[in-house]
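Nothing in this text is a laboratory measurement; each read-out follows from the coordinates by a stated rule. Computed from a predicted model, the values in this text were never measured in an experiment. Reconstructed Cβ throughout: ideal geometry from the backbone, glycine too, with neighbour counts over all protein chains shown.
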Amino acid sequence: MKIAVIGAGYVGLVSGACLADFGHEVRCIDRDLRRVEGLRAGRMPIYEPGLAELTADNVAAGRLSFEHDLAVGMKDAEVIFIAVGTPSRPEDGHADLTFVYQVTREIAQNLEGYAVIVTKSTVPVGTSDEVERLVRSLRPDVEFSVASNPEFLREGAAIGDFKIPDRIVVGVEDERAREVMAAVYRPLFLNQAPLLFTDRRTSELTKYAANAFLATKITFINEIADICEKTGANVQDVARGMGLDKRIGPKFLHAGPGFGGSCFPKDVRALIKTGQDYDVPSRIVEAVADVNERRKRRMGRRIVAACGGEIRDRIIAVLGLTFKPRTDDMRDAPSIAIIQTLRDAGGVVHAFDPAGMEHAREVMGDVTYFQDPYQAVAGADAVAIVTEWESLRALDLKKIYGLMRTPVLVDLRNIYGPEEAKAAGFTYIAVGRGDLR
Ligand code: NAD
């Protein structure tokens with residue numbers, strides 16, 4: 001099939017490369033000319049394990065190409081995926097659909113024959129209806145369908161998630177679109193991936209409900225961690241004891257500095273807005289957003305407290321900046337609020353991240369970046385681990401001890417146990433470890 005994917009970001013690029021790998025002929029279109037030129041030259045605009053190889057293979061096989069001009073890119077496409085960003089609107093937190101509607105208008109102007117227009121971006125309930133209305137008003141002369149097909153991939157594991165998904169949700173309102181979408185994903189039937197067809201509004205809401213639920217699970221265990229700290233319990237064991245229950249499951253039960261990233265915070269905010277707009281406020285989700293927001297700065301204050309409550313002109317080393325490992329994405333990362341808190345308290349921040357420092361520079365001022373964790377901790381009064389990157393899981397603690405001015409380790413991801421940290425000479429502070437008191 002001939003497929004156009006508009007937006008060559010995390011979702012568009014991964015979707016495009018994977019769909020090409022299924023055997024489809026895919027054009028990825030992006031309005032960012034530098035991005036398109038880079039991709040044509042084999043440079044990945046994002047860090048995602050395996051993506052460079054997959055892209056190169058499919059470009060070499062002639063199934064994947066990159067376009068700047070949307071009209072050229074979507075020519076003859078039977079399916080057109082919209083995979084542009086839907087960030088939070090600064091005014092009210094709802095999803096900003098400017099890019100989605102911009103692209104919709106451009107698609108309408110260039111439609112030549114029947115195509116299925118697919119909203120793959122995460123969009124509020126009713127957006128696909130609006131896309132249909134807009135295209136019909138601009139082009140009453142052409143036949144087309146609109147489908148919703150939200151993406152559930154995780155950054156850092158995106159290719160595996162796309163190729164072996166837990167499920168694919170497709171919202172359609174007509175049989176023709178259903179057949180076309182089934183054909184797009186037919187190669188995945190071999191992997192027995194459940195393809196769930198729903199109506200469009202259900203499909204759109206499923207994405208928000210899934211993300212809000214996962215965010216709730218994280219926030220729940222974080223609150224349990226707080227209770228553990230006050231009561232002398234160990235949150236890691238509590239989570240294990242909960243997670244072995246098949247009704248609960250072990251995932252997303254890791255206490256830490258709060259959730260972040262390009263999806264959970266904005267999708268939680270957008271779902272709250274949808275609830276309010278329809279006069280059915282979602283109080284659980286509102287509490288999740290509120291609790292999580294406060295938690296990030298609280299974790300900053302935890303670092304200050306670990307230094308005796310005073311960090312003016314002291315060096316705090318922050319290891320791990322991205323919202324999770326195996327991505328370079330800094331959007332809404334907890335490290336931003338944590339570092340802001342440290343700087344507000346007069347601290348000097350030295351930072352290291354294996355992949356996120358370039359983007360960190362764009363969102364954080366007055367931080368000194370280092371190319372390796374040992375350089376970052378040199379002369380520091382405390383070191384805080386904020387992201388559980390593999391390379392930060394096996395640090396030589398004795399070496400770090402030797403490099404620091406004051407040996408304080410604030411492990412916001414519970415990577416190192418108290419025994420290991422104490423054996424290396426550290427004062428050790430973790431999350432939800434009331435048993436360490
Ligand atoms: P992104 O910001 O990485 O990429 C979006 C791309 O779209 C950019 O390259 C931008 O230049 C391009 N673009 C914007 N307007 C355009 C236009 N008019 N024409 C052509 N290109 C245009 O975004 P992302 O992280 O890939 O997210 C895309 C959507 O997918 C969002 O709705 C997001 O919520 C959703 N999503 C993201 C993830 C994730 O892990 N990142 C997972 C699931 C769903």
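Which links in K2/K75; K296/K398; K324/K398 stretch past 21 Å when you go from one Cα to the other?
K296/K398; K324/K398
Between E358 and V72, how many nm apart are label points set 7 Å from Cα along the C-beta direction?
Label at E358, label at V72, 2.4 nm between them.
For S148, S128, S282, what's the fewest-to-most ordering of other Cβ within 10 Å of each Cβ?
Values: S148 31, S128 28, S282 20.
With the sparsest Cβ surroundings first, the list reads S282, S128, S148.
Take the alpha carbon atoms of region 1-155, find their radius of gyration, then divide it by 2.2 N^0.38 Å using N residues; give the quotient.
Normalised by 2.2 N^0.38 Å, the Cα Rg of region 1-155 equals 1.00.
Could you work out the Kirkwood radius for the chain, taking every pair of different alpha carbons, averaging 1/r and inverting it, reported in Å? Don't jump to the answer; show the numbers that get you there.
On the way: mean 1/r = 0.0431 Å⁻¹.
With all distinct Cα pairs of the chain included, I get 23.2 Å.
Say each of L196 and D166 gets a label point 7 Å from the Cα, pointing the same way as Cα to Cβ; how far apart are those two points in nm?
Between L196 and D166, the simple spin-label model gives 0.9 nm.
Taking Rh as the Kirkwood radius, which is the inverse of the mean 1/r over Cα pairs, what is the Rg/Rh value for region 79-205?
Numbers: Rg = 14.7 Å, Rh = 15.2 Å.
Using Cα coordinates only, the ratio equals 0.97.
Just order 115-127, 231-243, 371-383 by mean Cβ neighbour count inside 10 Å, highest at the front, would you?
Descending packing order for the listed peptides: 115-127, 371-383, 231-243.
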